[in-house]
Amino acid sequence: MELDSFDLTDPRTYQETDIHAMWRRFRAERPVHRHPETEAGPAFWVLSRYADVMAVYKDDDRFHSERGNVLATLLYGSDSAAGKMLAVTDGPRHAAIRKLMLKSFSPRALSHISEQVVQRTRRLLAEAVERGEADFAKDVAEHIPISTICDLLGVPEADRTFLLGLNKQALSSDSADQSAQDAWLARNEILMYFSELAEARRADPVDDVISVLATGEVDGKPLSEDEIVLNCYSLILGGDETSRLSMIGSLVALMEHPEQWRRLREREVTVESAVEEVLRWTSPAMHFGRRALTDVEIGGETIAEGDIVTLWNTSANRDELVFDRPEVFDLGRTPNKHVSFGYGPHFCLGAYLGRVEINAMLDALRTAVVHVERTSAPVQPVFSNFLNGLGSLPVRFQPDRQGLGQWR
Ligand code: HEM
């Protein structure tokens, strides 16, 4: 197949193609590729080599996020949260809001939340393992990141079912035929909810991210209402599906690589190194993107001012110029400088928390499960040109009674 014929804007491409074979070809034959115009929008650049992807992530002088940082918004031409939400804000304003939010994301600030992640993961996994058969995606993984974000934001217990319901409606990647208008309405309701909660926290601040945003100041002035609300929502946008898909992907990879499952269970590798390999292997966010602010030459091609440039983590994480035997899933891999959390000024704010979540899951699996296999029920891949992974994963567990006993 001609490289020009791969339509990277079409979610079906990721379901119908051997994408790692495709990316191998792009890296070798056309590492700086001009993707033709499609029904979804104008032409754009596709960078597949690690070095080029890193160079653009680092360079916020010449590449901006304010006109979108994923294909959907870049092709549309703008992002409605531009200049307000961290991921789509650049320059000093971005640095100032990021600094404010970082307070809530340090390992020390997160120690209580991390402990809750471990307990929640054990409880959900133990229930599923005891039942024997479960949908690992829906019964276990789905509940962990969103509950963790609610903990972080300080969403009261009583409001969680309501918020989780809205969030499900707001997700556009769950199915191919979801109404865009329903998703839009649900997103607006979430923003309204955060607006009310911020109001309450401004009057009576507690130790949570909404209070930090609602009472924080930049250059002596409080953040705008939009900045507060959108940055609350950005934690759901950034931290829910990505973490969930990496956890689901970790189980798929372990089932497909019995030798690695053995190494994990028999403590031949540390959970910390396994987490990094899971992140590299699953690359839950397939790409991010930028707009060029000026003409830039990359790999002999001239990216013109205003052009859209997409950075493919999925490909960079398997670049044979950087990773030794990149097609091998090796839980003991060192070094492992994957780009799953991006790099540079927009490096994932929730990277530590994402690692805590995957760590808790791998540790719980190696403790509570002897063996796990897929049932004959079909799996459901997410339908997206941005996210990679499965929305459902029916499995059968063989419990480790001794391990489960340690949690009682
Ligand atoms: C940014 C991936 C978990 C919140 C990013 C970026 C990547 C990424 C690649 C950079 C985007 C860019 O350069 O345009 C992931 C992955 C995760 C994960 C793979 C899980 C495995 C989380 C969690 C949270 C979070 C748990 C919060 C609770 C954010 C935020 C940003 C971000 C707020 C924007 C940072 C900025 O622009 O300064 N994430 N993320 N992420 N992520 Fe994550």
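For the reader, a short list of remarks on this structure follows.
Conditions tested, residue by residue: (1) buried (at least 18 other Cβ atoms within 10 Å of the Cβ); (2) among the β-branched types (V, I, T).
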site	(1), (2)
A141	yes, no
L152	yes, no
A158	no, no
F162	no, no
A170	yes, no
F194	yes, no
V209	yes, yes
V218	no, yes
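- The set of residues in region 9-25 that are in contact with a strand residue (DSSP E or B) (Cβ under 6 Å, 6 or more places away or on another chain) and either surrounded by 14 or more Cβ atoms within 10 Å (Cβ to Cβ) or of a type in the set (S, T, Y) (or both) contains only T9.
- Residues of region 78-92 satisfying the condition of being at pLDDT 95 or above, part of a loop (DSSP other than H, G, I, E, B) and of a type outside the set (A, V, I, L, M, F, W, C): G83, K84, T89, D90
- Filtered by the rule that a residue be of a type in the set (A, V, I, L, M, F, W, C) and more than 19 Å from the chain's Cα centre (by Cα), region 117-165 gives V118, L124, L125, A126, A128, V129, A134, V155, A158, F162, L163.
- The single residue among E268, E277 that is in a helix (DSSP H, G or I) and over 23 Å from R108 (Cα atoms) turns out to be E277.
- Selection status of K103, in contact (Cβ under 8 Å) with a residue 24 or more places away in the chain and not in a strand (DSSP E or B): yes
- Subset of region 46-62 [buried (at least 23 other Cβ atoms within 10 Å of the Cβ), of a type in the set (A, V, I, L, M, F, W, C) and either out of contact with any Leu (no Cβ under 6 Å at 6 or more places or on another chain) or farther than 13 Å from E297 by Cα (or both)]: V46, V53
- Residue check for V129: in contact (Cβ under 8 Å) with a residue 24 or more places away in the chain, farther than 23 Å from L353 by Cα and hydrophobic (A, V, I, L, M, F, W, C): yes
- Extreme residue, nearest to the ligand (Cβ to nearest atom), among residues of region 58-76 that are touching a residue at least 24 places away in the same chain (Cβ under 8 Å) and over 15 Å from H94 (Cα atoms): V70
- Test: residue in region 306-316 that is within 18 Å of the chain's Cα centre (by Cα), within 13 Å of the ligand (Cβ to nearest atom), buried (at least 22 other Cβ atoms within 10 Å of the Cβ) and in a loop (DSSP other than H, G, I, E, B): no
- Some residue of region 112-129 being more than 16 Å from the ligand (Cβ to nearest atom), farther than 30 Å from V309 by Cβ, assigned to a loop (DSSP other than H, G, I, E, B) and not charged (D, E, K, R): no
- Note on region 345-383: residues that are more than 12 Å from the ligand (Cβ to nearest atom) and either within 23 Å of the chain's Cα centre (by Cα) or closer than 30 Å to G289 by Cβ (or both) amount to 10.
- Count of region 24-67 residues, restricted to those that are touching a Lys or Arg at 6+ places or on another chain (Cβ under 8 Å) and of a type in the set (D, E, K, R), is 5.
The values are calculated or read from the model by the stated rules, or taken from the named source; none is laboratory data. What you are looking at is a predicted structure, and each value in this text was computed from that prediction instead of being measured. Because the Cβ atoms are built from the backbone with ideal geometry, glycine has one as well, and the counts that use them run over all protein chains shown.
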